[in-house]
Structure formats: structure tokens, C-alpha cells
């Protein structure tokens, strides 16, 4: 059978489906990259310079100097959590929108269920919607693990101690730091009886 005899739908399906889906994704990816480069990196670097190392010598460890350092360190930890929330929320919103709009690629009878999975904000639901739309699992991408980590970190920062925090702590204990503020500032994560901050 020649190409001219093939159904136009069959000819187009292998090309326009990925193009439509990835076209949506590329715009969101650019916006995320700009946000990280222009907002997150400069802010974190600037505050890190101000925080510096914890005062260590007797001359440096006066109450006044420790108060200043701990205030800056607490602000730095809060900034990291805030940016984790911002990045995670940004990715979740964008990916859900891509999945929702790309539901036109599945049979009309299945679109409502795919769109419902897309908009719930649940990792498992978005993975199911992606597989239904694209025909292969999200786990086929090496970056899937990083995206799942971001999703879990966002949930852990938002909700505090719970299943997401425990999942993150098990997968990436290096993201946690021992509580280092004298003021007993509330730590989001309390695991194994130890208060920890996510970095």
C-alpha cells in the first residue's frame, strides 16, 4: 500500500500527537527555566553570602551576633521551602494543564476520566493520564524520579510531618538538616524523634 492510499489520520497520528503534547510542555519548560535562573538562583546566592558560616569563636558567639546569624539562617531555610513550593506548584499546574488539554488525543468517551485524573493534583493520577495520552509511562524518562521527588517535597513542605516527608527522608536524607536555631523555630519535619529542616 502506498502512502497516498493510507488514511490521513494514520499518517498524521505518529507526528501530530507528540508535537501537540510537547509543544505545550516546551513553553512551560522555558518559563520554569527563566523563573529558576532569574528569581531563585540570585535570591538564594545573595542570602547565602549574608548568612555565611555559623559563628564559632568566643568573640563571635555573643548573643547579639548569634541572634543575627540565626535570623538569617531561619530566613534562608524558609526561602528554600518557599521556592520548593513555588517550583512544585508551578510544575504541577503546568503539567496538569498539558494533560487536560491533550486529552483530545484520546477517544471522546475517555476524555472526562483522563481530564479528571489530570486535574486532581495526584502523582499517580497524572502518571495514568500521561500513559493514556502518550501510550508509554512517564517513568520512561530519566527525569521522572526528580519530578516525583519535587512533587513529594512540595507536599512535605505544605503539610509538614507525614507520608510525603517520610518518603523524602527515606529517598534523600541529604535534603534534611539538623535544627540549628536556638529559638526552637518550628521544624516542618520531625522524624525519628529528631527535629530536622529541609535544606
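The values are calculated or read from the model by the stated rules, or taken from the named source; none is laboratory data. Owing to the predicted nature of the structure, the values given are computational and were not obtained by experimental measurement. We place every Cβ from the backbone using ideal geometry, glycine too, and count neighbours over all the protein chains shown.
For the stretch 117-134: of the residues being out of contact with any helix residue (DSSP H, G or I) (no Cβ under 7 Å at 6 or more places or on another chain) and more than 11 Å from residue 99 (Cβ to Cβ), which is surrounded by the most Cβ atoms within 10 Å (Cβ to Cβ)?
122
How many residues are in contact with a helix residue (DSSP H, G or I) (Cβ under 9 Å, 6 or more places away or on another chain) and either at pLDDT below 85 or buried (at least 17 other Cβ atoms within 10 Å of the Cβ) (or both) when one looks only at the stretch 64-75?
Filtering the stretch 64-75 down to residues in contact with a helix residue (DSSP H, G or I) (Cβ under 9 Å, 6 or more places away or on another chain) leaves 69, 72-73, 75.
Still in the running and either at pLDDT below 85 or buried (at least 17 other Cβ atoms within 10 Å of the Cβ) (or both): 69, 73.
Residues in the stretch 64-75 being in contact with a helix residue (DSSP H, G or I) (Cβ under 9 Å, 6 or more places away or on another chain) and either at pLDDT below 85 or buried (at least 17 other Cβ atoms within 10 Å of the Cβ) (or both): 2 in total.
Evaluate the following for residue 145: is it without any contact (Cβ under 8 Å) to a residue 12 or more places away in the chain, closer than 19 Å to residue 32 by Cβ and assigned to a helix (DSSP H, G or I)? Quick ask: steps written out before the conclusion?
Values: without any contact (Cβ under 8 Å) to a residue 12 or more places away in the chain: yes; closer than 19 Å to residue 32 by Cβ: yes; assigned to a helix (DSSP H, G or I): yes.
Answer is yes for this residue.
Does residue 178 count as touching a strand residue (DSSP E or B) at 6+ places or on another chain (Cβ under 7 Å), surrounded by fewer than 16 Cβ atoms within 10 Å (Cβ to Cβ) and at pLDDT 50 or above? First the steps, then the outcome.
On the way: touching a strand residue (DSSP E or B) at 6+ places or on another chain (Cβ under 7 Å): yes; surrounded by fewer than 16 Cβ atoms within 10 Å (Cβ to Cβ): yes; at pLDDT 50 or above: yes.
Judged against the criteria, residue 178 is a match.
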